[in-house]
1. Given the structure, is V417 free of Cβ contacts under 8 Å to residues at least 40 places away in the same chain, buried (at least 22 other Cβ atoms within 10 Å of the Cβ), part of a helix (DSSP H, G or I) and not hydroxyl-bearing (S, T, Y)?
2. Keeping to segment 30-51, report how many residues are exposed (fewer than 14 other Cβ atoms within 10 Å of the Cβ) and part of a helix (DSSP H, G or I).
3. If I filter segment 59-73 for residues that are among the hydrophobic types (A, V, I, L, M, F, W, C), surrounded by fewer than 21 Cβ atoms within 10 Å (Cβ to Cβ) and touching a residue at least 40 places away in the same chain (Cβ under 8 Å), do I get at least one hit?
4. So which of T325, T314 ends up being assigned to a loop (DSSP other than H, G, I, E, B), under 30 Å from E424 (Cβ atoms) and either modelled with pLDDT of 90 or more or out of contact with any strand residue (DSSP E or B) (no Cβ under 8 Å at 6 or more places or on another chain) (or both)?
5. From (1) more than 25 Å from the chain's Cα centre (by Cα); (2) over 27 Å from V471 (Cα atoms); (3) touching a residue at least 12 places away in the same chain (Cβ under 8 Å), pick out the condition that doesn't hold for L26.
6. So which helices (runs of 4 or more DSSP H) are wholly in segment 102-214 and hold at least 1 residues that are modelled with pLDDT of 85 or more, aromatic (F, W, Y) and surrounded by fewer than 21 Cβ atoms within 10 Å (Cβ to Cβ)?
7. Go through segment 320-337 and count every residue that is within 16 Å of L295 (Cα to Cα) and among the aliphatic types (A, V, I, L, M).
8. The conditions are (1) assigned to a helix (DSSP H, G or I); (2) touching a helix residue (DSSP H, G or I) at 6+ places or on another chain (Cβ under 8 Å); (3) closer than 22 Å to E470 by Cβ, and T365 fails exactly one of them. Which is it?
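The values are calculated or read from the model by the stated rules, or taken from the named source; none is laboratory data. What you are looking at is a predicted structure, and each value in this text was computed from that prediction instead of being measured. Note: ideal-geometry Cβ built from the backbone for every residue, glycine included; neighbour counts use all protein chains shown.
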Amino acid sequence: MQFRSIIRIVGLLLALFSLTMLTPALVAFLYRDGAGVPFIITFLVLLLCGGGCWLPNRDQKKELKSRDGFLIVVLFWVVIGSAGALPFLLASDLNISITDAFFESFSALTTTGATILVGLDELPKAILFYRQFLQWFGGMGIIVLAVAILPILGIGGMQLYRAEIPGPVKDNKMTPRIAETAKVLWYIYLSLTIACATAFWLAGMSLFDAICHSFATIAIGGFSTHDASMGYFNSPIINMITVIFLLISACNFSLHFAALASGGVHPKYYWRDPEFRAFIFIQLMLFLLCFVILLAHKSELTTFETFDEVLFQTVSISTTAGFTTTGFSEWPLFLPVLLLFSSFIGGCGGSTGGGLKVIRILLLTLQGGRELKRLVHPRAVYPIKVGGKVLSQRVVDAVWGFFSAYALVFVLCMLGVIASGMDELSAFSAVAATLNNLGPGLGAVSVHFANINDSAKWVLIVSMLFGRLEVFTLLILFTPTFWKS
């Protein structure tokens, strides 16, 4: 294990992260809300800490192994999650505890969107912007950005990239060089953000709200600058824009690249992908089921209002964004529970969404179907094909292993939350909301997480990290094999 090289890398990345504090400080200056000092202090502290880690190890530029990359990713997310809590602690407008500051920071960076803050409409613009900005960076991963723009790191970037990028895209580089791949991802990410912000602004949002909500939408984060979330705007047009960009962001970014590389966005590059087809099918079935049931139960709403409400909430929850226009927990109980379970599926692999990912659910379904066929014809050979390609048994085994690990982490986190004193429904939904990087839950956490106890919050912070790092990246650090030389 190259510990000094790892410390050097983490120090450089922490110094990079310190630069993000200057943007909310600039927002505070522009709006003259007096909330810029905590960000300036945090910038200086993080820059000094990052430099302190880098300076003694600046000559350590040995090639990293895969396990070094995993350790860097986990360390960096823990470090920046902790560092990101500092402005919340220093802000006099918030006056929150250390636990709450850490919870809000990790929730933003992991794009979970679970908040402990109330009274958002009265908070300074700089703090509101900072929360959204953290989500935007967390959406694609600050480490990918660092690999793209800091060749000074002097490492084999693939080790970081494989540990950071979720889903199958990690094994299918879109360009020959890892730095170029990371740049392509960020160009697409940035372009979508600008397009989303422009659409929100033209639809009637203020420029500030448009930028902030575009950050959270493209990152599939779910934070808002208002307590009422997207319901604050009461606009079917804004709701539809949100739905469109959530669906785009929940797709595999390598599909976006393939479409653009062909000379223009063409539907055939998307429809050829079996994961995309499965994703659209799931979204359509969820919408139709919720629409029919809600239409029958909420007679006070017109058909169009029901359509607008159901479309927004099904896409928002199933893609793990967590935006709300209404209290979906007040729907007939079957629907919020259904949507909560849909968040376990989440977005496509290689997207900014959370959950198990559609591709894994697709493979699990195909494997289940194969086992049923084997019961009838035990000696027959039934290969599993995706997109016309036969998958090796190793891939199928890996998916089952991931599913088992995901279920284990969920059960352990849920037991931990229940042990802290939370009721069963709230505990189940809280862990589902954090492990799937969703945000809102049911019961005591249907609106915010401010009223739950500190012990539960720390368990949920760990749950957020497991979800953001796709379980194995963090779980592997707890195995003896990882630490053997």
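1. Values: free of Cβ contacts under 8 Å to residues at least 40 places away in the same chain: no; buried (at least 22 other Cβ atoms within 10 Å of the Cβ): yes; part of a helix (DSSP H, G or I): yes; not hydroxyl-bearing (S, T, Y): yes.
Criteria not met by V417.
2. 3
3. Taking segment 59-73 first, the residues among the hydrophobic types (A, V, I, L, M, F, W, C) are 64, 70-73.
Checking the rest, the ones that are also surrounded by fewer than 21 Cβ atoms within 10 Å (Cβ to Cβ) come to none.
Looking through segment 59-73, none of the residues is among the hydrophobic types (A, V, I, L, M, F, W, C), surrounded by fewer than 21 Cβ atoms within 10 Å (Cβ to Cβ) and touching a residue at least 40 places away in the same chain (Cβ under 8 Å).
4. Details: T314 fails: assigned to a loop (DSSP other than H, G, I, E, B).
The conditions single out T325.
5. Failing condition for L26: (3).
6. On the way: elements: 125-140, 142-149, 157-164, 178-202.
Hits in segment 102-214: 125-140, 178-202.
7. The total comes to 2.
8. Of the numbered conditions (1) assigned to a helix (DSSP H, G or I); (2) touching a helix residue (DSSP H, G or I) at 6+ places or on another chain (Cβ under 8 Å); (3) closer than 22 Å to E470 by Cβ, the odd one out for T365 is (2).
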